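I have placed the structure first, in the form of structure tokens, so that the comments after it can refer back to it.
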Amino acid sequence: MPSFADARALAELTLADHLPARWLHSQAVAREAIRLAELPEMDREPLVVAAVLHDVGYSPVLARTGFHPLDGARFLAARGYDRRVAALLAHHSGAAVEARLREITGLERFDDEVSATRDALWYCDAVCGPTGEPMTPDERWDDIRRRYGPDHVVTRSLDEAEPRLRDAVDRTRARMAAAGVATADAAP
Ligand SMILES: [Fe+2]
């Protein structure tokens, strides 16, 4: 498992100059993941490493297919990164739905784990806006729909994936409540 510091440095190298907003978003997702990593069911290192790296696939330095979850996962796998972290990237925030709608293959080579760690990564992505600002999941999903427009494949994917995203958010909130950790977003 790479250290969080090494993962953060790699994310900064690939994102900061090219996509500064995406880098701010990634740092916010990582900060939230660090908070959640203390919950009893979480696997700390995979969560925080995957969080800071989850959007590296957007970087023009490494983008190949144009589908960022797969490009990020393949990039890490090619560098000999921890397979579990690569798989968390590949499937983050319902990526399998968009892959199917875009007819992109390759995601199936990575396991979509069913775990509190995976739910937490999806949660963190749902409460951090495009420049890292805190949002509720509903604000976040509305913002994505607004930015891409109703006919875009990202919006159509979100429409289909939303129940799964909401389940991951709800399970994470329940784990936070049980451990006495406050939610970062304003929702009850
Ligand atoms: Fe993200």
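The values are calculated or read from the model by the stated rules, or taken from the named source; none is laboratory data. In this text the structure is predicted, and so the values were computed from the model without any measurement. Don't worry about glycine lacking a Cβ; one is built from the backbone with ideal geometry, like all the others, and counts go over all protein chains shown. Surface accessibility is based on the protein's heavy atoms, side chains included, excluding ligands, DNA and RNA. Shrake-Rupley method; radii C 1.70, N 1.55, O 1.52, S 1.80 Å.
Give me the accessible area per residue for segment 4-178, probe 1.4 Å, as a whole number in Å². It would help to have the intermediate numbers written out before the result.
On the way: 7710 Å² over 175 residues.
Accessible area per residue: 44 Å².
Kirkwood Rh and Cα-based Rg: tell me the resulting Rg over Rh for the chain, rounded to two decimals. Please report the intermediate quantities before stating the final value.
Values: Rg = 15.1 Å, Rh = 16.2 Å.
So for the chain, dividing Rg by the Kirkwood Rh gives 0.93.
Between Ser3 and Val154, 0.36 nm times their residue separation minus their Cα-Cα distance comes to what? If you can, show how the numbers build up before the last one.
Details: separation 151, 0.36 × 151 = 54.36 nm, distance 3.17 nm.
Here the answer is 51.2 nm.
What accessible area, in Å² to the nearest ten, does a 1.4 Å probe give for Ile144?
For Ile144, the solvent-accessible surface is approximately 30 Å².
How do Asp159, Asp55 stack up against each other in accessible area, from largest to smallest, with a 1.4 angstrom probe?
Working: Asp159 85, Asp55 5 Å².
I get Asp159, Asp55, largest accessible area first.
With a 1.4 Å probe and all protein chains kept in place, how much accessible area does His54 have, in Å² rounded to the nearest 10?
0 Å²
Along the Cα→Cβ direction, 7 angstrom out, place labels at Ala179 and Arg44. What is the inter-label distance in nm?
If labels sit at Ala179 and Arg44, their model points lie 1.1 nm apart.
Ranked by accessible surface with a 1.4 Å probe, highest first, in what order do Thr117, Thr131, Thr183 come? Can you show the working numbers first?
Numbers: Thr117 0, Thr131 75, Thr183 45 Å².
So the residues, ranked largest to smallest area, are Thr131, Thr183, Thr117.
Rounded, prolate or oblate for segment 85-188? Axes are the square roots of the Cα gyration tensor eigenvalues, ordered a ≥ b ≥ c, and the cut-off for rounded is a/c under 1.5.
In terms of gyration-tensor shape, oblate.
If you count only protein heavy atoms and use a 1.4 Å probe, how large is the accessible surface of Met1, to the nearest 10 Å²?
Its accessible surface works out to 110 Å², give or take rounding.
Counting pairs of alpha carbon atoms under 8 Å apart in space and at least six apart in sequence, what relative contact order in percent does the chain give? Before the final figure, lay out the partial values.
Numbers: 277 pairs, mean separation 41.9, N = 188.
After rounding, I find 22 percent.
Ordered by residue, what ³J(HN,Hα) values in Hz, to whole numbers, does segment 147-156 give under the Karplus form 6.51 cos²θ - 1.76 cosθ + 1.60, where θ = phi - 60° and Gly and Pro are x?
Each residue's phi maps through the Karplus curve to give 5, 8, x, x, 9, 5, 4, 5, 5, 5 Hz.
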